[in-house]
1. In region 69-122, which trypsin sites (Lys or Arg not before Pro) are in a loop and have at most 10 other Cβ atoms within 10 Å, using DSSP for the loop call?
2. Looking at the P(r) of region 2-121, how many percent of alpha-carbon pairs lie beyond 25 Å?
3. What angle do you read, to the nearest 10 degrees and between 0 and 90, between the alpha-carbon axis of helix 81-121 and the longest principal axis of the chain?
4. Is it possible to state the helix-based mean residue ellipticity at 222 nm for the chain, with each DSSP H run of 4+ residues giving -39500 (n - 2.57), the sum divided by total residues, to the nearest 500 deg cm²/dmol? What is it?
5. How far is helix 14-31 tilted off the main Cα axis of the chain, in degrees rounded to 10, range 0 to 90?
6. Report, in debye and to the nearest 20, how large the dipole of region 2-121 comes out about its Cα centre when Lys and Arg carry +1 and Asp and Glu carry -1 on their Cβ.
7. Given Lys29/Lys89; Lys29/Lys115; Lys6/Lys89; Lys89/Lys109, which pairs have Cα atoms separated by over 22 Å?
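Values quoted throughout were computed directly from the atomic coordinates according to the rules given, and no laboratory measurement underlies them. As the structure is a prediction and not an experimental result, all values here were calculated from the model. Because the Cβ atoms are built from the backbone with ideal geometry, glycine has one as well, and the counts that use them run over all protein chains shown.
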Amino acid sequence: MDIRIKATNFEMTEDTRGYLDERLDSLEKLLGDDAALTRCEVELGRDAGRPRHGANMWFAEIRILSPGGIPVNARNNAPSVNAAIDDVKEEVERQLGREKKLHIRVLRKTGAAIKNWMKFGH
């Protein structure tokens, strides 16, 4: 997976980078065979639109672009950068799971329709 990371309004530490890589590994497993061709864009930072002393001053945003698939976008704010990473990862997992279930359902319905057509076609 091609991972591109952008840090906005803060310096990313090695601890944060390791934490992010650990979370992105689980997303790579969900992508399966398409993982090698997929691009993942991650943006982490301090939210500039809110007061600096507000409760949710960190944000994380993930965009996953896979060939032939629907682009997946998620953004979340949280009190810490690690909490924002966790929240946005869960949202992306939910969206990827929904897309996978939809793909399987379409394949099954198409297969059933072809089988029906072949049965009555003779």
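1. Taking region 69-122 and a limit of 10 other Cβ atoms within 10 Å, no loop trypsin sites (Lys or Arg not before Pro) are found.
2. Working: 2553 of 7140 pairs.
Tail of the P(r) past 25 Å holds 36 percent of the pairs.
3. Taking Cα atoms only, the helix is inclined about 10 degrees.
4. Working: 2 runs with 59 residues, N = 122.
After summing the helix terms and dividing by residue count, I get -17500 deg cm²/dmol.
5. Relative to the chain, helix 14-31 is tipped by roughly 10 degrees.
6. Details: 21 positive and 20 negative charges, 200 e Å.
Computed about the Cα centre, the dipole is about 960 debye.
7. On the way: Lys29/Lys89 13 Å; Lys29/Lys115 32 Å; Lys6/Lys89 16 Å; Lys89/Lys109 30 Å.
Table pairs above 22 Å Cα-Cα are Lys29/Lys115; Lys89/Lys109.
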